[in-house]
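The values are calculated or read from the model by the stated rules, or taken from the named source; none is laboratory data. Nothing here was measured: the structure is a model prediction, and the numbers come from that model. A quick note on method: Cβ atoms are made from the backbone with ideal geometry, for glycine too, and the neighbour counts reach across all protein chains shown.
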Amino acid sequence: MSDQLLLDMSEDDSLGSVQIVPEVIEVIAGIAATEVNGVKSMHGNFATGVAEKFGKKSHSKGVRVELTDEGAIIDIYVILQFGTSIPEVATKLQTAIKQNVNTMTSIQVGEVNVHVVGVQMDNQEIV
């Protein structure tokens, strides 16, 4: 794995190093998002859809992370449950993701951009 794909979290080199790959941040953000009321599912790409057909669960589905000098920028793509307040759910998503990523990794999150890509009713196809 190249050093460019690792985030060095070491504050004290006397004990060794701690490195976090961006995919870990994606998984943390994805799990935090699915726990927010009003989120029906995450929206992934074609590859994650095919993998799920074969039984492989992707916790980072619908999450993109960019690491910058100011912190992490997280883009999340969600499908919400019909009847929920989109601004309210989006705010809850931003708060939950920011808190979980910061608590688990000590990485500062600069932005959480919520992309609502669909609304779904119970037992209905995604609109």
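Taking the range 27-78 as the range and being in a helix (DSSP H, G or I), at pLDDT below 85 and not aliphatic (A, V, I, L, M) as the test, the residues that pass are Phe46, Thr48, Gly49, Glu52, Lys53. Restricted to the range 12-26, and to residues there that are under 26 Å from Thr95 (Cα atoms) and assigned to a loop (DSSP other than H, G, I, E, B), the residue that is modelled with the highest pLDDT is Val21.
Table: residues versus (1) farther than 13 Å from Gly38 by Cβ; (2) among the aliphatic types (A, V, I, L, M); (3) outside any strand (DSSP E or B); (4) within 17 Å of the chain's Cα centre (by Cα).
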site: Pro87; (1), (2), (3), (4): no, no, yes, no
site: Ala90; (1), (2), (3), (4): no, yes, yes, yes
site: Ile97; (1), (2), (3), (4): yes, yes, yes, yes
site: Val101; (1), (2), (3), (4): yes, yes, yes, yes
site: Val112; (1), (2), (3), (4): yes, yes, no, yes
site: Val116; (1), (2), (3), (4): no, yes, no, yes
